[in-house]
Structures are given as structure tokens and as C-alpha cells.
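Report on the following structure.
Bear in mind that the values in this text are calculations on the coordinates, not laboratory data. A quick note: this is a predicted structure, and the numbers were derived from the prediction, not measured. Neighbour counts are summed over all protein chains in view; Cβ atoms, including those assigned to glycine, are modelled from backbone coordinates with ideal geometry.
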Amino acid sequence: MEKGVPRVGVAVFLLSGKAVLLGRRRSSIGDSTFALPGGHLEFGESFEECAARELKEETGLDIDKVEYLTVTNTLFLEEPKPSHYVTIFMRAFLADPNQVPQNLEPQKCDGWDWYDWDNLPKPLFWPLEKMVQEGYNPFPIG
Ligand code: 8DG
Ligand code: MG
Ligand code: MG
């Protein structure tokens, strides 16, 4: 196996009511599975800046109340291109609740939609599926 270096991903739980924004990936990693918006941390960025930039690039949405939730250390060895990600998970809300997601990178995603946390689509991107199975909940308490 050709070894690269670990990379930093930032994934965003964008929440609206009981729902979360997901899109079906078109990628060498997790192709055709439903995943959170997000991408790679760029040089000099804060996690919050990366979250806001990726959301804007991928969905056109402006986000608000961006905060850190958790981190994972994940090996994608079964993928066409084996890779290793340290992924920072952030939570955010819509800056304007009337804004509608657009599919601005159709080569990377089939489209964005809201899914109730109690009724998530299948198959989820496996790292996300694992978090859900372990009982992870991104919603604020109370
Ligand atoms: P970029 O060129 O826009 O910077 O990157 P991207 O094409 O948008 O990257 P990405 O694959 O969407 O996200 C980077 C990595 O983050 C991804 O390959 C693996 C990791 N990652 C997880 N979970 C999730 C998730 O739920 N969604 C996203 N988008 N990435 C995730 O570990
Ligand atoms: Mg991106
Ligand atoms: Mg992405």
C-alpha cells in the first residue's frame, strides 16, 4: 500500500429543527453514501473558518453559531485510494432560516437535503454511521 500523510477534514452538522443536512457523495472516499458537508482544512484556517467556507462552496449556505463538537481519527483502507483523516466535527445553524441549499459541486455530490435525525437515509458514510450506532447526537441539550 502506498502511504500518504494524515490529512485534516472538517465536517459540519448543520442543524435545522430536528433535521441535519446531508448529501450523497461522489468521491473516491465513500462514494454514493450520505455524508455531512465539509472538506479539507486549508493552511492558516480556524475550524470555524473552514466550516463556513466549505458550506458556502458546497451548498451556498451562510452558517452561524459554528462550534466544535468532537474529533475522529479514521483510516479509510478499503477505499480505492487508502487514506487517513483526522476529522473535526463542527455544529452550525443557518444564518438565514429561509435559505435553501444549492448543489454547487455536482461532481462531488448528488444534492443536499434535510433529514430528520430519527429517520436518516441509507447508506450513511461509514464514519457517520459508526457515530450514529455509538449513540452520538449532535443536537444541543435542552
Ligand atoms: P476540498 O477539496 O473542498 O477541500 O475537499 P472535499 O472534496 O470537500 O473533501 P471531503 O472529502 O468532503 O472531506 C474531507 C474528508 O473529511 C473526507 O474525505 C473524510 C473526512 N470526513 C469524515 N467524515 C466526513 C463527513 O461526514 N463529511 C465529509 N465531507 N467529510 C468527512 O471523516
Ligand atoms: Mg469541499
Ligand atoms: Mg466536501
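At-a-glance table
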| read-out | value |
| --- | --- |
| Cα-based shape type of the range 1-55, given that a ≥ b ≥ c are square roots of the gyration tensor eigenvalues and the cut on a/c is 1.5 | oblate |
| Mean residue ellipticity (222 nm) of the chain, computed from DSSP H runs ≥ 4 via -39,500 (n - 2.57), nearest 500 | -4500 deg cm²/dmol |
| Tilt relative to the chain, helix 47-59 - C-alpha long axis, 0 to 90 degrees, to 10 | 80 |
| Dipole moment magnitude, nearest 20 debye, the range 7-134 about Cα centre, only Lys, Arg, Asp, Glu C-beta charged | 280 |
| Candidate lysines for bridging to LYS122, where Cα separation is under 29 Å - those fewer than 8 sequence places away on the same chain excluded | LYS18, LYS56, LYS65, LYS81, LYS108, LYS130 |
| Centre separation in Å (Cα based) which lies between the range 1-60 and the range 117-142 | 15 |
| Fraction of antiparallel bridges per DSSP, the range 7-134 only, in percent to nearest 5 | 70 |
| Value in Å of the Kirkwood radius, where the range 7-134 supplies the Cα pairs that are averaged | 14.7 |
| The chain, relative contact order in percent, only Cα pairs under 8 angstrom and at least six apart counted | 32 |
| Lys/Arg +1, Asp/Glu -1 at C-beta; the range 7-134 dipole; positive extreme among ASN103, VAL10, VAL132 | VAL132 |
